[in-house]
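> The structure is given below, and queries will be raised subsequently.
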Amino acid sequence: MRGSVDGLGSSAPIGAMLPAVFADDDLAQRFVGGLDEVMAPILNVLDCLPAYFDPALAPADFTRWLAGWVGAETDGSEPEARLRAAVAAAAYLHRVRGTRRGLAEAVRLAFGVEPEISESGAAAWSARPLGPVPGEPRPHLHVSLRLPDPGPADEHRLDALVAAARPAHMPYTVEVTAATAAERTPER
């Protein structure tokens, strides 16, 4: 939390900017010294402003605020590393929103696990008109996620994430299951 920081020096002390007649005036120097103490945290934030908008460098509380500002898909329970990754990827995810790749990336960033996505649509090209339409006649999306230690809230969280990141016209289902022992062991 930023605010008053004891002993924080000002990057632009007011006393040095006073006219020469006040340079030796003890009362004037103490008065502006108090103002320096009040202004120092503000000047510090302004001096470091580019770092506040870089999710890798910003303070954690500011990164949470930044997540809401850029529309990152977060719920406030993710670890700090995943929060920073979600904020950094927010602009990219908005560009690919509604696509399979965008949905997979949003789920991977939120849970740290690659989802299994099956969808009813398809694309094909044919030189002949009136060829068969690819995919299934009814649109449907299914997202399955295998977590090392799934909890009751994980399915609800996945449901909310898929509802926000899926194509708007697609009905969907979600499933969260426990990962097998082989899936829990990281590959080297």
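The values are calculated or read from the model by the stated rules, or taken from the named source; none is laboratory data. Here the structure is a predicted model, which is why all the values come from computation and not from measurement. We place every Cβ from the backbone using ideal geometry, glycine too, and count neighbours over all the protein chains shown. With ligands, DNA and RNA removed, areas are computed over all heavy atoms of the protein, side chains included. Shrake-Rupley method; radii C 1.70, N 1.55, O 1.52, S 1.80 Å.
> Of the conditions (1) in contact with a helix residue (DSSP H, G or I) (Cβ under 8 Å, 6 or more places away or on another chain); (2) of a type in the set (A, V, I, L, M); (3) part of a helix (DSSP H, G or I), Ala72 clears all except one; give me its number.
(3)
> Sticking with this one: Just wondering, is there one or more residues in segment 129-138 that are of a type in the set (A, V, I, L, M, F, W, C), surrounded by 18 or more Cβ atoms within 10 Å (Cβ to Cβ) and either at pLDDT 85 or above or out of contact with any strand residue (DSSP E or B) (no Cβ under 7 Å at 6 or more places or on another chain) (or both)?
no
> Of Gly76, Gly135, Gly98, Gly112, which residue is touching a Lys or Arg at 6+ places or on another chain (Cβ under 9 Å) and closer than 17 Å to Pro167 by Cα?
Gly98 is the lone residue from the list that is touching a Lys or Arg at 6+ places or on another chain (Cβ under 9 Å) and closer than 17 Å to Pro167 by Cα.
> Another one. Check whether at least one residue in segment 119-126 is surrounded by 12 or more Cβ atoms within 10 Å (Cβ to Cβ) and either touching a helix residue (DSSP H, G or I) at 6+ places or on another chain (Cβ under 7 Å) or at pLDDT 85 or above (or both), and report yes or no.
yes
> From the list Ala90, Ala58, Ala40, Ala28, pick out the single residue that is open to solvent by less than 40 Å² (accessible area, probe 1.4 Å), in contact with a Phe, Trp or Tyr (Cβ under 7 Å, 6 or more places away or on another chain) and assigned to a helix (DSSP H, G or I).
Selected residue: Ala28, the only one of Ala90, Ala58, Ala40, Ala28 that is open to solvent by less than 40 Å² (accessible area, probe 1.4 Å), in contact with a Phe, Trp or Tyr (Cβ under 7 Å, 6 or more places away or on another chain) and assigned to a helix (DSSP H, G or I).
> To continue, here is another question. Quick check on my filter: what residues within segment 4-25 are under 25 Å from Asn44 (Cα atoms), open to solvent by 80 Å² or more (accessible area, probe 1.4 Å) and at pLDDT 85 or above?
Of everything in segment 4-25, those that are under 25 Å from Asn44 (Cα atoms), open to solvent by 80 Å² or more (accessible area, probe 1.4 Å) and at pLDDT 85 or above turn out to be Ala16, Met17.
> What single numbered condition from (1) open to solvent by 90 Å² or more (accessible area, probe 1.4 Å); (2) modelled with pLDDT under 90 fails to hold for Glu116?
Unmet for Glu116, out of (1) open to solvent by 90 Å² or more (accessible area, probe 1.4 Å); (2) modelled with pLDDT under 90: (2).
> Go through Arg108, Arg97 for me and flag whichever is touching a residue at least 40 places away in the same chain (Cβ under 8 Å), open to solvent by 80 Å² or more (accessible area, probe 1.4 Å) and either within 28 Å of Pro150 (Cα to Cα) or within 19 Å of the chain's Cα centre (by Cα) (or both).
Among Arg108, Arg97, only Arg97 is touching a residue at least 40 places away in the same chain (Cβ under 8 Å), open to solvent by 80 Å² or more (accessible area, probe 1.4 Å) and either within 28 Å of Pro150 (Cα to Cα) or within 19 Å of the chain's Cα centre (by Cα) (or both).
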